[in-house]
2 protein chains.
Amino acid sequence: MPQRKLDVVLDSVKRLMRMGATANLVNLLQKQYPADLAQLFSELPDKERQTAFTLLAERNSKLAMEALSELGPEAAAALLRDRTAEEIVKLTQELPSDDAAALIDYLPEELSSAVLELLQKRPAGGDVGELLEYAEKTAGRIMNPKVFALAEDITAGEAITALQGSRDVEVVFYLYVIDVRRHLVGVVSLRRLLLVAPDTPLKRIMTTDLISVRADMDQEEVARLVASYNLLAIPVVDEENKLVGVITVDDVIDVIKDEATEDVYRLAGVAGDDRVFTPAAESLRKRLPWLLINLATAFLAASVVGIFKNTIDKVVALAIYMPVVAGMGGNAATQTLTVIVRGIALGELTWGNTRKALFKEATVGIGNGIACGVIGAVVAWLFSSDPWLGGILAMAMIINMFVAATAGTLIPLMLRALKVDPALASSVFITTLTDVFGFFSFLGLAQVFLKYLHQSG
Amino acid sequence: MPQRKLDVVLDSVKRLMRMGATANLVNLLQKQYPADLAQLFSELPDKERQTAFTLLAERNSKLAMEALSELGPEAAAALLRDRTAEEIVKLTQELPSDDAAALIDYLPEELSSAVLELLQKRPAGGDVGELLEYAEKTAGRIMNPKVFALAEDITAGEAITALQGSRDVEVVFYLYVIDVRRHLVGVVSLRRLLLVAPDTPLKRIMTTDLISVRADMDQEEVARLVASYNLLAIPVVDEENKLVGVITVDDVIDVIKDEATEDVYRLAGVAGDDRVFTPAAESLRKRLPWLLINLATAFLAASVVGIFKNTIDKVVALAIYMPVVAGMGGNAATQTLTVIVRGIALGELTWGNTRKALFKEATVGIGNGIACGVIGAVVAWLFSSDPWLGGILAMAMIINMFVAATAGTLIPLMLRALKVDPALASSVFITTLTDVFGFFSFLGLAQVFLKYLHQSG
């Protein structure tokens, strides 16, 4: 089992470090896969991580940089930030341009400019600078500009020869075919190439109905295309349909994982780059604004309670049960919201079927409201021995859970119409709404039926 | 842009259906990719979806079934459930065994047994039955048992010939090499095969240090391996290291998407298969248990408020501000919980670095508590013109947000140690805890400092 094996390696690394057995340590590190090294690095304390990386980079800079790249650009940039721009340029040459660009983007401002300046002077370094000119989270930013492309008038045999000579192209899945002005005109799979006679022209065996993306397409959209068409790679073209790069499925997997994390995070009010080991001060700075917005809305809900201060003064039991109504509305709303937000993200929910979704969620909301309301009413009645209190609790809960379901459906859809990420802002609106409606319906009904309720004192 | 194009097709499909132009309709459907057809099907009303599928299945059953397979096993099974077992067997023959198995598993009990019985009698049908013998969500269940493997003693040239003759194998990325007893001994990439002389023995060019998974490995673990080693496919072996199948990267993408949805869903108390268009009755049945658990814990929190009934009776303003303390604790806890649960899912959080994570989250919790507490105190003081009320609010908020951060870190970790999915149960524990602690700290402090507070009446 890989996890167990890694623990053994981790223990050895720590032991060899304590012993100062540098040569043995480097030998051990050299035998690991980049992904395993990344995991090792992430589990080592800061100082040991720096030492291990430095030692490995001296001996095998390619492997060290591949491991760094697997570690994610933020952590990778942190490990490089004490080096000079020259050293960083030399090290990033070991990486594909897209990975190098992501990493350089996370370096401190000054250092990253220095690195980019140096890169522009190098023959192949211009790629990285070009990638960084595309907007963040677009196809252009994650593509590899070194794409293997063939002219449309050569034969299958010539294509195989060309392929054999192409040493610096990462991995080849599909062979893209271009015309004389580099327009993308077709695609041939490696396997297809093996199945035809060597003198067959590419033109005759290529598929012309191919799926490509524009360099400015959102990376999430790219990931959706690659996933739904089961592609291994997707060619990237510019506005004139000229081939400028390729995005491979392993980059797409990273996008899918990041976007999934982002959705979970946004629903909870956490920034996408706030991870387990982000420094405390940074996490604080990222999470506090969200909490302050929630604090403001909490006071808004509190002011609703304030309106009914005199009613509570007469029936203190209301203070005991009012959080139940608000809280249950919040729980039901979170369920609806999650299903809707994820439905939007997965492309299941479109404009055409919104009404159907709304009707369904409203039905579920009323159903849940009746079930929870009746049970809640009985419990409240037993505890307070006041049947009217129970009845009011039930009514308020049904109203609030209906509101929760409707708002949980409509708010993310409205935000999407306003081009705001539904995952980002929905939950704060929803919580406010279910708190305000919960308190208002429960305390309002209590005020209306005040004379039937057992009054305190 | 693909979305726009699809809308045009959707409109045409609806129009042709209304006109009864069956031949044109089938022609139009035939021109679509399976993934686009799946999207079309999902956007058509039930009756039209059934009609479109039936028409397409008559003309091009392979395409119809591929579209069905992209639609997801649940919706696909729903479209087939009115057919006879014989018809279903015939249609599922168009799919790779793993997709067929997933679909059959979702058919109504009786129908799926009938289908499986018929399948056992067919030469190639046994595969599906065998896949269904593996536990759900394991490698065995999602693998394709038709794996292309070569004997270790053949040459590169012979391998290419064998490859050219293999028509029924889906897609080949890597060539797995086996010994005489079918033990997996190595792997050769298609590209490598092209780069060597035809008489080179496979034994000399194969990589023996290859990553494989056992058929009983959890699919999430498989996905993590494929993603972190950037693989296109991973071989599946039995307990004796004999090659039994292969899992390709497109299946892994589906797993990653499903598991991400599952994590989001579980944090919100929604079942994994509860989607936007799951029938209302089914969604209700799935969500109600979670709400009832929350109802029980809400009453637990309410009973804490009940303890301080007399204090609230004396200072009604406490009822106004107590939900603020509980709610802010809940928000802070959700942030911590999300970061920790996602950190566990992504493999960033291990036993070794737990203490570091706990210390960090506790620091963030206290920091957020002080910031929110001080602001909250000022606001409460201004509204109630009672400085002591403000002070108590601040203290209670700091305590509760510290508890929220610590519990938000420890509860998911403890659940993982108990082999319970941390995403599943954490949020209900956390909400209960922050409610109970929020009410207890705020009302408890108020009781202690009662004589300093402005009393009502």
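Label-point distances for A:ALA135 to the equivalent site in the other copies, using a point 7 angstrom along Cα→C-beta, read 4.7 nm when ranked shortest first. Need one word for segment B:267-375: rounded, prolate or oblate. Basis is the Cα gyration tensor (sqrt eigenvalues a ≥ b ≥ c); a/c below 1.5 gives rounded, then a/b vs b/c decides. Taking the square roots of the gyration eigenvalues as a ≥ b ≥ c, segment B:267-375 is oblate. Summary value for segment A:2-137: 18 percent relative contact order, contacts being C-alpha pairs under 8 angstrom separated by 6+ residues.
For A:LYS314, the lysines whose Cα comes closer than 29 Å to its Cα, not counting residues fewer than 8 places off in the same chain, are A:LYS451, B:LYS309, B:LYS314, B:LYS451. Determine, from the Cβ-Cβ distance of A:GLU240 and A:GLU74 and an R0 of 45 Å, the FRET efficiency 1/(1 + (r/R0)^6), rounded to the nearest 0.05. Result of the calculation: an efficiency of 0.80. Projecting label points 7 angstrom from Cα along Cα→Cβ for A:LYS309 and A:ARG122 puts them 6.9 nm apart. Distance between the 7 Å Cα→Cβ label points at A:SER166 and B:ASP216: 4.4 nm. Would you work out if segment B:280-452 is rounded, prolate or oblate? Take a ≥ b ≥ c from the square roots of the eigenvalues of the alpha-carbon gyration tensor; rounded if a/c is under 1.5, else prolate when a/b is larger than b/c, oblate otherwise. Here segment B:280-452 falls in the oblate category. Helix B:2-19: angle to the longest alpha-carbon principal axis of chain B, degrees 0 to 90, nearest 10? Roughly 70 degrees between the two axes. Each peptide in B:42-51, A:286-295, A:227-236, B:317-326 receives the mean, over its residues, of other Cβ atoms within 10 Å, and ordering these scores from highest gives B:317-326, A:227-236, A:286-295, B:42-51.
With the cut-off at under 18 Å, measuring from each backbone N in segment A:211-239 to a point 7 Å along the Cα-to-Cβ line of A:ASP421 picks out A:217-224. Between A:ALA296 and B:ASP7, the FRET efficiency estimated from the beta carbon spacing at R0 = 35 angstrom works out to 0.30. Please report the spacing between the Cα centers of segment B:378-457 and segment B:1-78 in Å, no decimals. So the two Cα centres are separated by 54 Å.
To the nearest ten degrees, helix A:109-121 and the longest principal axis of the Cα atoms of chain A are 30 degrees apart.
Only bridges with both residues in the protein assembly as shown count here: give the DSSP antiparallel percent, nearest 5.
Details: 30 of 40 bridges.
Just about 75 percent of them are antiparallel.
Treating each Cα of chain B as one equal point scatterer and applying the Debye formula with no solvent, the log10 of I(q)/I(0) at q = 0.07, 0.14 Å⁻¹ comes out as -0.56, -1.25.
Assuming charge only on the beta carbon of Lys and Arg (+1) and of Asp and Glu (-1), the dipole of the protein assembly as shown about its Cα centre is about 2020 debye to the nearest 20.
For peptide B:291-300, what's the mean number of Cβ atoms from other chains within 10 Å of each residue's Cβ? Spell out each step's value before the answer.
Values: counts 10, 6, 1, 8, 11, 2, 3, 12, 8, 0.
Partner-chain Cβ atoms within 10 Å, mean over residues of B:291-300: 6.
Distances, shortest first, from the label point of B:THR207 to those at the same position in the other copies read 2.6 nm; the point lies 7 Å along Cα to C-beta. Taking the centroid of alpha carbons for each part, segment B:222-238 and segment B:305-330 are 53 Å apart. For A:LYS419, the lysines whose Cα comes closer than 19 Å to its Cα, not counting residues fewer than 8 places off in the same chain, are A:LYS137.
What the pair-distance distribution of the protein assembly as shown shows, using all Cα-Cα distances binned every 20 Å from zero, is 13, 41, 34, 12, 1, 0 percent.
Computed from label points 7 Å out along Cα-Cβ, the spacing between B:ASP209 and A:ARG81 is 3.3 nm. Partner shielding of A:348-359 amounts to 3, given as the average count of beta-carbon atoms from other chains within 10 Å of each residue beta-carbon. Assuming R0 = 25 Å, can you tell me the calculated FRET efficiency for the pair A:LEU195 and B:ARG182, based on Cβ-Cβ distance, to the nearest 0.05? Efficiency computed from Cβ-Cβ geometry: 0.40.
Amide hydrogen proximity for B:THR155: with H placed 1.01 Å from N in the peptide plane, the residues at 5 or more positions away or on another chain lying under 5 Å are B:LEU202.
Between copies, the label points of B:GLY272, set 7 Å from Cα on the Cα→Cβ line, lie 2.6 nm apart, reported in increasing order to one decimal in nanometres.
Relative to the longest principal axis of the Cα atoms of chain A, the long axis of helix A:387-417 lies at roughly 30 degrees.
With contacts defined as alpha carbon pairs under 8 Å and 6 or more residues apart, what's the relative contact order of chain B in percent? Could you put the intermediate results ahead of the total?
Numbers: 602 pairs, mean separation 47.0, N = 457.
Here the relative contact order equals 10 percent.
Would you mind checking A:LYS360/B:LYS14; A:LYS257/B:LYS31; A:LYS203/A:LYS242 for any pair whose Cα atoms are more than 21 angstrom apart? Those over the limit are A:LYS360/B:LYS14; A:LYS257/B:LYS31. Per residue of A:216-228, other chain Cβ atoms within 10 Å of the residue Cβ number 2 on average.
Starting from the Cα gyration tensor of segment A:2-137, take the square roots of the eigenvalues, sort them a ≥ b ≥ c, and report rounded, prolate or oblate (rounded when a/c is under 1.5, otherwise prolate if a/b is larger than b/c, else oblate). Don't skip to the answer; put the middle values down first.
Numbers: a/c = 2.32, a/b = 2.02, b/c = 1.15.
It comes out prolate by the Cα gyration axes.
Rule-based calculations on the coordinates, nothing more; no lab input. Because the structure is predicted, anything quoted here is derived from the model rather than measured. So basically every Cβ, Gly included, is an ideal-geometry build from the backbone, and we count neighbours across all protein chains shown.
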